[in-house]
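Reading through the structure tokens given below for one structure.
The values are calculated or read from the model by the stated rules, or taken from the named source; none is laboratory data. Values in this document were obtained by computation on a predicted structure and should not be read as measured data. As a convention, Cβ positions derive from the backbone with ideal geometry for all residues, glycine included, and neighbour counts pool all protein chains shown. Accessible surface areas use protein heavy atoms only, side chains included; no ligands, DNA or RNA. Shrake-Rupley method; radii C 1.70, N 1.55, O 1.52, S 1.80 Å.
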Amino acid sequence: MTTVLTDRRIVSDIDPFSPEFRADPFPHYAQLRDLGPVVWLEKYDIWCVQHYAQVKAVLSDWENFSNAGGGGLTNYFKTKPWRRPSIILDVDPPEHGRTRKVLMGVLSAPALKAMKPGFEAVAARLIDAALDAGTIEAVNDLVLPFPLTVFPDAVGMPPLDRHIMLKYGGMVFGAFGPTTDWYHELMRDAETVSAWIDAHCERDVLGADGLGAGIYAAADAGDITHEEAKLLVRSLLSAGVDTTIDSIGLALRALVDFPDQFALLTEDPALARGVFEEATRYDSSSQSLFRTTLREVELAGQRIGKHEKILVLIGSAGRDPAKWEEPDRFDIRRKIVGQIGYGWGIHGCVAQMMARLEGEVFFRTLGEKVGSLEHAGPSELRLVPGLRGLARLPIALTR
Ligand code: HEM
């Protein structure tokens, strides 16, 4: 069979950054999948892929689909980014391999094992407090304090002012989409917030045995420079908090929405890992990524020009019926092979085992301690462009 390259494109006026799309992206994903494998989104002059097969193909092919064009709508080949690009996420091989290896080294299995008791203690304290209260707003009272405590602790950060990390996260992930009034307002504090983050990436601020210290030790060993060490600590602080808060929040909401699945977890808290794994497929913080073509390429019969942006909808790939049986069903016993929620290929989340550990500990503690869980009011989404998450989740829980 010969593939005919064509410049005729499937064009859509769907706006993936509109509030309606982001409020409930799943029917829009289905619409996009029905349109075809590669769609041109005319509002932003970008391409879009939405099936598991093409999402995986693009993420696997770094020689054609680059990260150096930036992880958002802004095309770094054409426009200057707001901050110095990440030296891991926004670079291609060979630069990428060197910095990635350092983070892989500090996030090793023994390092994660050492973190686990601390995670368990914090999860137990927060869930006990939630049970004492009975009715809570779970995002701010339960979910958010968990990563916001255990993650900076693991990095070795001092305990004060950690909420600033959330503002920084907003700036990082907010830069993903078109700039809005909300984003301009947030960026008014950019200088102060960036200065705080910068100061907290310095070696002398970080504890002697955390992930930060491990990164600086790699610099001492000559694997990276000390300036690069600081930027790698910044990468952890950029990507490590909002992602897990939002993913745990959405996973918790899925459990409240599906009482049969929550009942399974209480019967067997060892299913906690399955809860988080399934939620990462079903409804999770990272719904979309970007790649930029390095040259003219052909993808599923579509010709794509050089330096063009492609929106890679991993959230849609997680619901593609060609890959998953009954994809819209939340099933914590599903055997997930080929998880796409952490991305794929050389940039696939470097900290995914740490994220999984946070999720597992949180939901295991929940399954062990909580007997009943229900909504106590409507939940609300937090519409930050680069991430999907909840602003509010009122729940009632008992022992
Ligand atoms: C449930 C939580 C998380 C989710 C869903 C998630 C998702 C992702 C995804 C989809 C990517 C791929 C980006 C791309 O290919 O363009 C990624 C990369 C990355 N993530 Fe995560 N992440 C999570 C937690 C974390 C945490 C806790 C950290 C820090 C400790 C982290 C650090 C990173 C870094 C540094 C990269 C860049 C890796 C590279 O370019 O090689 N992530 N993450």
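One table, with the values for the structure above:
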read-out	value
Failed criterion for Ala254 (all others in (1) surrounded by 21 or more Cβ atoms within 10 Å (Cβ to Cβ); (2) hydrophobic (A, V, I, L, M, F, W, C); (3) under 25 Å from Leu289 (Cβ atoms) hold)	(1)
Condition met for Leu311 (touching a Cys at 6+ places or on another chain (Cβ under 6 Å), within 16 Å of the ligand (Cβ to nearest atom), within 21 Å of Phe17 (Cα to Cα) and touching a residue at least 60 places away in the same chain (Cβ under 8 Å))	yes
Considering residues of the stretch 215-270 that are closer than 21 Å to Leu103 by Cβ and of a type in the set (Lys, Arg) only, the residue farthest from the ligand (Cβ to nearest atom)	Lys230
Hits in the stretch 255-284 - residues which are of a type in the set (A, V, I, L, M) and over 17 Å from the mean Cα position of the chain (by Cα)	Leu255, Val256, Ala263, Leu264, Leu265, Ala270, Leu271, Ala272
Residue count for the stretch 205-263, restricted to those that are closer than 30 Å to Val275 by Cα and of a type in the set (Phe, Trp, Tyr)	2
Residues located in the stretch 133-164, provided they are of a type outside the set (Asp, Glu), exposed (fewer than 14 other Cβ atoms within 10 Å of the Cβ) and at pLDDT below 95	Pro158, Pro159, Leu160, His163
Helices (runs of 4 or more DSSP H) contained in the stretch 43-153 and holding at least 1 residues under 30 Å from Asp15 (Cα atoms)	52-60
Residue count, the stretch 378-399 (criterion: more than 13 Å from the chain's Cα centre (by Cα) and assigned to a strand (DSSP E or B))	11
Sole exception among (1) of a type in the set (Gly, Ala, Ser); (2) within 11 Å of the ligand (Cβ to nearest atom); (3) in a loop (DSSP other than H, G, I, E, B); (4) over 15 Å from Gln50 (Cα atoms) for Ala279, by number	(3)
Any hit, the stretch 379-399, residues being out of contact with any helix residue (DSSP H, G or I) (no Cβ under 7 Å at 6 or more places or on another chain), without any contact (Cβ under 8 Å) to a residue 24 or more places away in the chain and of a type outside the set (Asp, Glu)	no
Among (1) at pLDDT 90 or above; (2) in contact with a Lys or Arg (Cβ under 8 Å, 6 or more places away or on another chain); (3) assigned to a helix (DSSP H, G or I) - the single one Leu186 does not satisfy	(1)
Any chance Ile332 is within 23 Å of Pro16 (Cβ to Cβ), crowded, with 22+ Cβ neighbours inside 10 Å and out of contact with any Cys (no Cβ under 9 Å at 6 or more places or on another chain)	no
Pairs where the first residue, in the stretch 332-343, is within 10 Å of Glu278 (Cβ to Cβ) and the second is β-branched (Val, Ile, Thr) and within 14 Å of the ligand (Cβ to nearest atom), C-beta under 6 Å, 6+ apart	Ile332/Val275; Gly341/Thr280
Tally of residues being under 15 Å from the mean Cα position of the chain (by Cα) and either away from the ligand (no atom under 11 Å from the Cβ) or assigned to a helix (DSSP H, G or I) (or both) across the stretch 319-344	0
Subset tally (residues that are more than 10 Å from the ligand (Cβ to nearest atom), closer than 25 Å to Ala218 by Cβ and open to solvent by 60 Å² or more (accessible area, probe 1.4 Å)) for the stretch 48-100	4
Any chance Val155 is in contact (Cβ under 8 Å) with a residue 24 or more places away in the chain and under 23 Å from the mean Cα position of the chain (by Cα)	yes
Residue pairs meeting the criteria (Cβ under 7 Å; at least 6 apart or on separate chains; first closer than 15 Å to Arg291 by Cα, in the stretch 79-93; second of a type in the set (Lys, Arg))	Ile88/Arg100
Complete set of residues in the stretch 289-306 that are assigned to a strand (DSSP E or B), out of contact with any helix residue (DSSP H, G or I) (no Cβ under 7 Å at 6 or more places or on another chain), under 22 Å from Gly348 (Cβ atoms) and among the aliphatic types (A, V, I, L, M)	Val297
One residue from Ala109, Ala114, Ala130, Ala199 being open to solvent by 60 Å² or more (accessible area, probe 1.4 Å) and more than 22 Å from the chain's Cα centre (by Cα)	Ala114
Check on Glu20, open to solvent by 40 Å² or more (accessible area, probe 1.4 Å), part of a loop (DSSP other than H, G, I, E, B) and farther than 17 Å from Gly341 by Cβ	no
